[in-house]
Amino acid sequence: MNKLFCVMMVAVAAMLLAAPAWSIPWPANTTVTWYHALDDSAIGVCPAGDFSQLDVTVRDQDNQPMGGYPIAATFSNALIKANPGGGQIFTGIADAAGHVRIPIAAGVDNSGLVAIQSDVTVTCGPYTIKIYYDLFVVSPDYDASYYVDAADYSVFGSHWHINDPTGMKDCASDFSRDDPRVENADYAVFISHWHH
Ligand SMILES: [Ca+2]
Ligand SMILES: [Ca+2]
């Protein structure tokens, strides 16, 4: 082994020893929750992004916040349409504390009585940190026109006083979920998003 090679190997070893460990999102130190979910199985989305929002605090293996990292929520169901653009990916950047709250500004192209379902994959850069399966997703913007107006009101009216179709909290207009019927509490939620 020649002398130059030995010197290079020593230099490389020194660099590796000095290099900081990669920071990766650590499941036990990272939290992913829904802010203003309807319940454990359902979220609501609105073109203005002020219905359910994804709340993420990402910390690494040393419990240090991963500030500045891109966070993304990708929905599997193409009937969910982001405002603007119509895609299914919603993004944010973690702040210095590793936290970001991502508005899901979207409509859902579904005028039917039964709510659609979607998987939601949450990533931090290249790392998947959470997957929600078969989440119910409802919206007062039933035609994904990115505006809640009379056309949407007529769909809501067509669901009025109907029970959840299968008794599994899956009606597309059951926004409040305290009562399985579409009733006053659901109307109050719908109208709070009027002209959004
Ligand atoms: Ca609409
Ligand atoms: Ca209800």
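Every number here is computed from the coordinates shown, using simple stated rules; none is lab data. Not measured: the values here are computed from a predicted model. Please note: Cβ atoms are built from the backbone with ideal geometry, for glycine as well, and neighbour counts cover all protein chains shown.
Where both bridge residues fall in the chain, DSSP classifies roughly 90% of the beta bridges as antiparallel. Each Lys or Arg adds one and each Asp or Glu takes one away; over the other residues whose Cβ falls under 14 Å from the Cβ of TYR187, this sums to -4. Ordering PHE156, PHE51, PHE90 from the fewest to the most neighbouring beta carbons within 10 Å gives PHE156, PHE90, PHE51. Considering every alpha-carbon pair of region 117-187, the percent of pairs per 10 Å bin, from zero through the bin containing the longest distance, is 20, 38, 27, 13, 2. Rounded to the nearest 10 degrees, the angle from helix 3-18 to the longest Cα principal axis of the chain is 40 degrees. Each residue, ALA28 and ILE191, gets one label point 7 Å from its Cα in the Cβ direction; the gap between the two is 5.1 nm.
Report the normalised scattering of the chain as log10 I(q)/I(0) at q = 0.10, 0.12, 0.16 Å⁻¹, calculated by the Debye formula with identical scatterers on the alpha carbons. Each listed q maps to, in turn, -0.48, -0.62, -0.95.
For the chain, what does -39500 (n - 2.57) per DSSP helix run (n ≥ 4), summed and divided by total residues, give at 222 nm, in deg cm²/dmol to the nearest 500? Mind dumping the intermediate values first?
On the way: 3 runs with 34 residues, N = 196.
-5500 deg cm²/dmol, from helical runs alone.
Think of each Lys and Arg Cβ as +1 and each Asp and Glu Cβ as -1; about the Cα centre, that makes the dipole of the chain roughly 1060 debye.
In sequence order, region 139-149 has phi-based couplings of 8, x, 9, 6, 10, 6, 8, 6, 7, 9, 9 Hz under the Karplus curve 6.51 cos²θ - 1.76 cosθ + 1.60, θ = phi - 60°, and Gly or Pro positions carry x. Were the residues from TRP160 through ASP39 laid out at 0.36 nm apart, the gain over their Cα-Cα distance would be 41.5 nm. Take the Cα of ASP134, step 7 Å toward its Cβ, do the same at ALA97, and the gap between the two points is 3.6 nm.
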